[in-house]
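One structure is given here, and the rest of the page talks about it.
The values are calculated or read from the model by the stated rules, or taken from the named source; none is laboratory data. Note that the structure is predicted; figures quoted are calculated from it, not measured. Neighbour counts are summed over all protein chains in view; Cβ atoms, including those assigned to glycine, are modelled from backbone coordinates with ideal geometry. We work out accessible area using only protein heavy atoms, side chains counted, and drop any ligands, DNA or RNA first. Shrake-Rupley method; radii C 1.70, N 1.55, O 1.52, S 1.80 Å.
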Amino acid sequence: CSYQCSIYDPLNFLAPLTVYGKILLSQVQAALPPTSAENWDTCISPELLKQCQEYIRQMVTTANPVYQRSPPAGRLSELHIFHDAGRHIYATAVYGTFIDQCNRSSRLFYTKPRLGKRSVPQMELNSAFQASTIALYFSRMFPDVKCIYLYGDSQCTLATLASLERIA
């Protein structure tokens, strides 16, 4: 737990790795709830221990990330926000598109993964809500951006949103 909490990644660029650690931590806490004092000194199952050891090995052997501090040349003109969900997690990623005369380039701005224990359709709705909330924040941070695009692949989310339009 202390190893997982010691990782400083404010923009969540290491999310593909750290999310796996969060899932493992939730599995450990489900197997041995920390609210029970006797569980503090109980060993976890060999299978879970092996997964935790593999996770730490991956984290230790992963190269240190390198972040480009300056934006690409040009003007930030578009934001592309992708969201998706699965059984254990939903996530959002924000890319900015910079245009300089005839050249276009993109840069990853932000990611936000979240763990959840709901059905996949509910997780998909959560990801759509998270993406729209992030889009609102980014529109306030970058008022000169004229286009913000949201991308998702969930048919159940589209059906739910369509039914809400009829109700409203």
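The figures follow:
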read-out: ³J(HN,Hα), Karplus 6.51/-1.76/1.60, whole Hz, each residue of the range 93-101, x for Gly, Pro; value: 10, 10, 10, x, 10, 10, 10, 10, 6
read-out: Percent accessible area from carbon and sulfur atoms, the range 92-154, protein chains only, probe 1.4 Å; value: 55
read-out: Relative contact order [Cα under 8 Å, 6+ residues apart], the chain, whole percent; value: 21
read-out: Label assignment, volume of the Cα convex hull per residue in Å³ derived from the structure, set [x] 143; [y] 167; [z] 225; value: [y]
read-out: Kyte-Doolittle mean at least -0.5, axial Cα span of 20 Å or more - DSSP H helices of the chain; value: 15-31, 120-141
read-out: Among 33-43, 107-117, 69-79, the order from most to least packed when residues are scored by Cβ within 10 Å on average; value: 107-117, 69-79, 33-43
read-out: Mean separation of Cα contacts under 8 Å (6+ apart) over length of the range 58-118, as relative contact order %; value: 30
read-out: Difference of contour (0.36 nm per residue) and Cα-Cα distance, Ala63 to Gln29; value: 9.4 nm
read-out: Approximate spin-label separation Tyr151-Leu115, in nm, with each point projected 7 Å along Cα-to-Cβ; value: 2.8
